[in-house]
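Encoded as structure tokens, the structure appears first; notes follow it.
The values are calculated or read from the model by the stated rules, or taken from the named source; none is laboratory data. Everything numeric in this text was worked out from a predicted model, so none of it was measured. Quick reminder, even Gly has a Cβ in these numbers, built from the backbone with ideal geometry, and neighbours come from all protein chains shown.
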Amino acid sequence: MSLALLPVHDQITTKLEELAQTVYENSVPEDAELQYTADGMLLPFIVVRYSGFVQRANERGITGPRTDLGRSYAEVMCVGPTERSVRQVFDLVTDKLTGFTPSGAGFLTPETSGKPYTIYDANSKPPKHVIDITYSFAVNTVVS
């Protein structure tokens, strides 16, 4: 079994990079680093953030924590200039990641939330709309 999550997270990032949008890990970059159309409109992009190894009490075995099943999470934020553009990217991300199974992990499942569908950040320049979705997946699943 392996507790190394970086290879699993890299596979998820690589899967997201199959989409046309630029993918950033961990944070929204400075506005100067973002991409814009010729007429100055922000192009939609994706930000993915990962959690570490999380052990749930009901997933612990008798052989100890190094061999227990665990979970990890990927929060994917779809960011763009309009509410509709981020919903379009959200649909692409949902189609791309739901059920995706990285090597060494379980399949990605969207977490239920009750969050607002889109969030508008009028304080940023340029203004941005954001939708986020969190996926959970089993880790430490491969016996070596």
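So which of V79, V23, V86, V48 ends up being at pLDDT below 95, surrounded by 14 or more Cβ atoms within 10 Å (Cβ to Cβ) and within 13 Å of the chain's Cα centre (by Cα)? Quick ask: steps written out before the conclusion?
Numbers: V23 fails: at pLDDT below 95; V86 fails: within 13 Å of the chain's Cα centre (by Cα); V48 fails: at pLDDT below 95.
The conditions single out V79.
Residue by residue, here is whether (1) closer than 19 Å to D91 by Cβ; (2) among the aromatic types (F, W, Y); (3) modelled with pLDDT of 65 or more; (4) out of contact with any Leu (no Cβ under 9 Å at 6 or more places or on another chain) holds:
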site	(1), (2), (3), (4)
A105	no, no, yes, no
K115	yes, no, no, yes
V130	yes, no, yes, yes
F137	no, yes, yes, no
V142	no, no, no, yes
Just the residues that are buried (at least 17 other Cβ atoms within 10 Å of the Cβ) and either without any contact (Cβ under 8 Å) to a residue 40 or more places away in the chain or basic (K, R) (or both), please, taken from the stretch 97-114.
G106
